[in-house]
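Just below is one structure, and these are the notes that go with it.
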Amino acid sequence: MEISNDVYVLGLLKDGMAYTEIIRNSSKEHWEKLLKYQLVRTDASGKVYLTEKGKVARVIGLKKFLRAEELETEMKHFDLNKISLHNKLLAITAIGLLLLLIYLLWSHGTIL
């Protein structure tokens, strides 16, 4: 997902601005992305306010914020139970191989 490098960035947005001013200084597509990702909200009179997500995006940058959102969405699709089962099987296999190695070394007199 690529965000255009609009002249109008979140750092310039002030609470209580009119959304028409944002569109005039930026683009309609940029405004729609801000709404889509719930970075801004408007009141009945058309004034714009940053949401909590918008305040975070302002601090870390819009591209980094959207990448973090993307990663969060991807992480929701992982099956933690399946990963946990795989980790347990891997640990049991490693312990079994270690015990086999100890037995072989002991049977050949390498270790006492």
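The values are calculated or read from the model by the stated rules, or taken from the named source; none is laboratory data. This one's a predicted model, so the numbers in the text were calculated from it and none came from an experiment. Reconstructed Cβ throughout: ideal geometry from the backbone, glycine too, with neighbour counts over all protein chains shown. The area values use the complete protein model at the heavy-atom level, side chains included, leaving out ligands, DNA and RNA. Shrake-Rupley method; radii C 1.70, N 1.55, O 1.52, S 1.80 Å.
The table below lists the values:
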{"quantity": "Yes/no for residue 94 being small (Gly, Ala, Ser) and under 22 Å from the mean Cα position of the chain (by Cα)", "calculated": "no"}
{"quantity": "Qualifying residues in segment 41-60 (those that are closer than 16 Å to residue 31 by Cα and outside any strand (DSSP E or B)) - the one farthest from the chain's Cα centre (by Cα)", "calculated": "46"}
{"quantity": "Extreme residue, least open to solvent (accessible area, probe 1.4 Å), among residues of segment 13-38 that are within 16 Å of residue 50 (Cβ to Cβ), more than 25 Å from the chain's Cα centre (by Cα) and hydroxyl-bearing (Ser, Thr, Tyr)", "calculated": "26"}
{"quantity": "Out of 35, 12, sole residue that is modelled with pLDDT of 85 or more and among the aliphatic types (A, V, I, L, M)", "calculated": "35"}
{"quantity": "Segment 94-112 residues that are at pLDDT below 90 and open to solvent by less than 90 Å² (accessible area, probe 1.4 Å), paired with ones that are assigned to a helix (DSSP H, G or I) and of a type in the set (Phe, Trp, Tyr) (beta carbon under 8 Å, 6 or more apart)", "calculated": "none"}
{"quantity": "Selection from segment 41-75 of residues that are open to solvent by 70 Å² or more (accessible area, probe 1.4 Å) and either over 24 Å from residue 20 (Cα atoms) or of a type in the set (Ser, Thr, Tyr) (or both)", "calculated": "45, 60, 64, 67, 71, 72, 73, 74, 75"}
